[in-house]
Amino acid sequence: MAIFKPKILFLYSSSDSSFVEKFDIFFELIKTTNSKQALKTALLNADALSAIVIDRPLDEETLGTLRQFNNYDLFRKIPSLVLTESTDPVFVSRAFDTGIFDLIRQPCSFEVIKQKLGRFIELYNNRNQLETFFNQQMMTISVQEHELKENQWNIISTLGQALESRDVESGNHCERMKQATEAICKYIAIKYPKYMLTELKIRQIAQVTPLHDIGKIAIPDRILHKPESAGRLTDEEFSIMKTHTIAGCKLIDSIPRFKDSALYTYSYNICRYHHERWDGRGYPDRLSGMEIPIEAQVVAIADVFDALICKRVYKPAFTFEKTREMIINGECGAFNPDIIESFSACIGDIYERSYEKQLASMI
């Protein structure tokens, strides 16, 4: 039965080969006296090599060779051993700086070198196996996280579609809200950097904006679609309607591991707080001022605009000019002055891009 011999690249001085021959008994050697050939061989056989041994005078030429090996990252996965007669501490230190694993001063018995080399090989094999296992586990986790995020978003998208399918009149409401929110956020990011709305944050906020009314799934149709002819919502009905903010948060919290997602906080804040008012007279928590998360403030004004300019069972559609005037004049709730200014600057472009053609087709 053949005995396994670790494969070793042996770069040595041409002046003496007798010492090298002792290794032949215990190791499969790739021998060379040429530094360039040694580097080329190491690169071609990197996965098969168990160790690299350099038995040469520790001079500038040898240090240059060691640096080349290290530049190609060979010393990270392959243990390297330098055998040298040099006692110069500066050269020894510079040799270790190149990334070699160990250095043995000659003369030293072959038996000691052989034992050390065997231990180095075993240590590196264990480390490389652990690194491989770790990378495999990280890849598995990455795949699982990707699948989890897809499942989470599929659940969210299904809920959003289910809600929108209940209301024919507000078709494409979620997409319009997403576009309006993103446009206003981009303006705020430039004009008001104090809100720290980065490109990533804006994309994430826009992505979850369609969830703002997800809790309306829990609201009875008799309240959600109460027609104008039946009169305004009673106090009791309005109290029930207001629960959609809390209901939406409960739905979001029920999505498996969604709390670990970067989107969770924005989703929760938008669901819960998009009916809060700058003056503290909103619901459900009567927050005021900057107690209200910026993402909820932006979604709130976009939601009010969409509700006013589009026809609903409980009201006719207002014109663009009238809608803009009502919001800016504070007839539809109190908003952050910065949000009002940003809305005023953006809303013309938002209307032309997301509303004008669609509303004209409904007439």
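Out of all the residues in the stretch 275-289, is one or more at pLDDT 95 or above and closer than 24 Å to residue 354 by Cβ? Yes, the stretch 275-289 contains at least one residue that is at pLDDT 95 or above and closer than 24 Å to residue 354 by Cβ. It is to be established whether one or more residues within the stretch 267-290 are closer than 30 Å to residue 150 by Cα, surrounded by fewer than 19 Cβ atoms within 10 Å (Cβ to Cβ) and in contact (Cβ under 8 Å) with a residue 40 or more places away in the chain. The answer is no; no qualifying residue exists. If you go through the stretch 278-293 one residue at a time, do you hit one that is out of contact with any helix residue (DSSP H, G or I) (no Cβ under 7 Å at 6 or more places or on another chain), farther than 19 Å from residue 214 by Cβ, assigned to a helix (DSSP H, G or I) and aliphatic (A, V, I, L, M)? Within the stretch 278-293, one or more residues are out of contact with any helix residue (DSSP H, G or I) (no Cβ under 7 Å at 6 or more places or on another chain), farther than 19 Å from residue 214 by Cβ, assigned to a helix (DSSP H, G or I) and aliphatic (A, V, I, L, M). When 258, 318, 343 are screened for being free of Cβ contacts under 8 Å to residues at least 12 places away in the same chain, touching a helix residue (DSSP H, G or I) at 6+ places or on another chain (Cβ under 6 Å) and aromatic (Phe, Trp, Tyr), only 318 passes.
Filtering the stretch 75-119 to residues that are in a helix (DSSP H, G or I), within 21 Å of residue 57 (Cβ to Cβ) and touching a residue at least 24 places away in the same chain (Cβ under 8 Å) leaves 75, 91, 92, 94, 95, 110, 113, 116, 117. Of all residue pairs spaced 6 or more apart or on separate chains, none has beta-carbon atoms under 8 Å together with a first member in the stretch 292-313 that is over 16 Å from residue 277 (Cβ atoms) and free of Cβ contacts under 8 Å to residues at least 40 places away in the same chain and a second member that is crowded, with 23+ Cβ neighbours inside 10 Å and among the acidic types (Asp, Glu). Hey, any hits in the stretch 320-340 for a residue that's open to solvent by 10 Å² or more (accessible area, probe 1.4 Å), modelled with pLDDT under 95 and β-branched (Val, Ile, Thr)? Yes, the stretch 320-340 contains at least one residue that is open to solvent by 10 Å² or more (accessible area, probe 1.4 Å), modelled with pLDDT under 95 and β-branched (Val, Ile, Thr). If you check 170, 165 for being of a type in the set (Ser, Thr, Tyr), at pLDDT below 70 and open to solvent by less than 80 Å² (accessible area, probe 1.4 Å), only one passes: 170. Just one of (1) hydrophobic (A, V, I, L, M, F, W, C); (2) within 25 Å of the chain's Cα centre (by Cα); (3) in a helix (DSSP H, G or I) fails for residue 255. It is (3). Within the stretch 29-47, being more than 43 Å from the chain's Cα centre (by Cα) and farther than 15 Å from residue 78 by Cα holds for 31, 32, 33, 34, 35, 37.
Given the criteria of a type outside the set (Gly, Ala, Ser), more than 16 Å from residue 10 (Cβ to Cβ) and modelled with pLDDT under 90, does residue 97 qualify? Here the answer is no, as residue 97 does not meet what is asked.
Per the conditions (1) free of Cβ contacts under 8 Å to residues at least 40 places away in the same chain; (2) assigned to a helix (DSSP H, G or I); (3) farther than 22 Å from residue 214 by Cβ, the sole criterion not satisfied by residue 338 is (1).
Here is the figure for the stretch 17-74: residues that are among the aromatic types (Phe, Trp, Tyr), part of a helix (DSSP H, G or I) and free of Cβ contacts under 8 Å to residues at least 60 places away in the same chain total 1. Among the residues making up the stretch 201-235, those that are within 19 Å of residue 175 (Cα to Cα) and either open to solvent by 40 Å² or more (accessible area, probe 1.4 Å) or of a type in the set (Gly, Ala, Ser) (or both) are 201, 203, 206, 207, 215, 216, 217. In the stretch 229-250, the residues that are more than 19 Å from residue 315 (Cβ to Cβ) reach residues that are aromatic (Phe, Trp, Tyr) and buried (at least 17 other Cβ atoms within 10 Å of the Cβ) with C-beta atoms within less than 8 angstrom, at least six apart or across chains, in these pairs: 245/273; 245/283; 249/268. Going residue by residue through the stretch 268-275, is there one that turns out to be over 27 Å from the mean Cα position of the chain (by Cα) and either of a type outside the set (A, V, I, L, M, F, W, C) or within 18 Å of residue 176 (Cβ to Cβ) (or both)? Checked against the condition, which is being over 27 Å from the mean Cα position of the chain (by Cα) and either of a type outside the set (A, V, I, L, M, F, W, C) or within 18 Å of residue 176 (Cβ to Cβ) (or both), the stretch 268-275 yields at least one hit. Which residue is farthest from the chain's Cα centre (by Cα), if the candidates are limited to the stretch 56-92 and must be open to solvent by 90 Å² or more (accessible area, probe 1.4 Å) and basic (Lys, Arg)? Filtering first and then ranking leaves 67.
The values are calculated or read from the model by the stated rules, or taken from the named source; none is laboratory data. All figures in this text were calculated on a predicted structure; none of them were measured in a lab. When we count neighbours, we look across all protein chains shown, and the Cβ atoms used for this are built from the backbone with ideal geometry, even at glycine. Just so you know, the surface numbers come from the protein's heavy atoms only, side chains and all, with ligands and any DNA or RNA stripped out. Shrake-Rupley method; radii C 1.70, N 1.55, O 1.52, S 1.80 Å.
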